[in-house]
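Just below is one structure, and these are the notes that go with it.
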Amino acid sequence: MRTTSMTIVTCLLLILASRLVAGDQALNTLTPQEKDQGFFLLFDGKTVDTSLWDGAVKQHVVRDGLLVADPGGFMFTKKDYANFIFRTEFKMPPDGNSGVGIRCASQGSPGRTGMEIQIIDDDANKNLHPTQYTGAIYGVIAPKLGHLKGPGQWNYMEIIANGPLVKITLNDTVIVDTDLSKVTSFPLGSGKSKLVPKIHNTTGRIALAGHNSPVEFKNMRMKTLEQ
């Protein structure tokens, strides 16, 4: 009986170890399907690649295969992207705050030179405007609420920008699906709001918009779409 028990424990430990190794191998890699579809990595889990990124590179660090905004700031891709699929996973601390800029300039606030897709601890910020919660096109389009996992948990986000069409998925639920060509007003401003004056940009950089909060990212990948 003792030998049998030890054998069972040994087998369980080997299974656990194999799963951990498999998880490590899957971190910051493309699936076979993504490779076939033309996705590429924006972060390899080892370093912040300065051939891909510019801006606040030194304010983002790599820890255990994760890209950590410590303290953060605005980090921009070196290339412009017009139509694309952007995927990542993020984890926030309590009261965390960050964002993903799209079609923005190579410097300045992504939410003012392009668009910012909000990332924030919704539960810690109960009195925000509807266009300021996680997944919102900040200041313009409110997301469906109730699909964000709280601090300390990993969230999956996909952003598809194809012409004026922008679709945002959070944890397998589409929370924004909009046609920017039909956007003529700005809930947080009036007329051509100074808050989001470049909402109709057709191309620009991808950015991480850190706000002095150690938000973590992994599995950051990208696919360009035909224009």
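The values are calculated or read from the model by the stated rules, or taken from the named source; none is laboratory data. Keep in mind it's a predicted model, so treat the numbers as computed, not measured. Every residue, glycine among them, receives a Cβ derived from its backbone with ideal geometry; neighbour counts consider all protein chains shown. Side chains included, ligands, DNA and RNA excluded: accessible areas come from the protein's heavy atoms. Shrake-Rupley method; radii C 1.70, N 1.55, O 1.52, S 1.80 Å.
Brief remarks on what is shown
- Unmet criterion (only one of (1) closer than 18 Å to LEU225 by Cα; (2) part of a strand (DSSP E or B)) for VAL100: (1)
- Within the range 138-174, tally of residues that are assigned to a strand (DSSP E or B) and among the aromatic types (Phe, Trp, Tyr): 1
- Residues of the range 116-131 classified as under 17 Å from the mean Cα position of the chain (by Cα) and assigned to a loop (DSSP other than H, G, I, E, B), total: 1
- Scanning the range 92-123 for residues that are open to solvent by 40 Å² or more (accessible area, probe 1.4 Å), at pLDDT 95 or above and touching a Pro at 6+ places or on another chain (Cβ under 7 Å) turns up just one, PRO94.
- Residue check, THR88 open to solvent by less than 50 Å² (accessible area, probe 1.4 Å), modelled with pLDDT of 95 or more, among the β-branched types (Val, Ile, Thr) and in contact with a Pro (Cβ under 8 Å, 6 or more places away or on another chain): no
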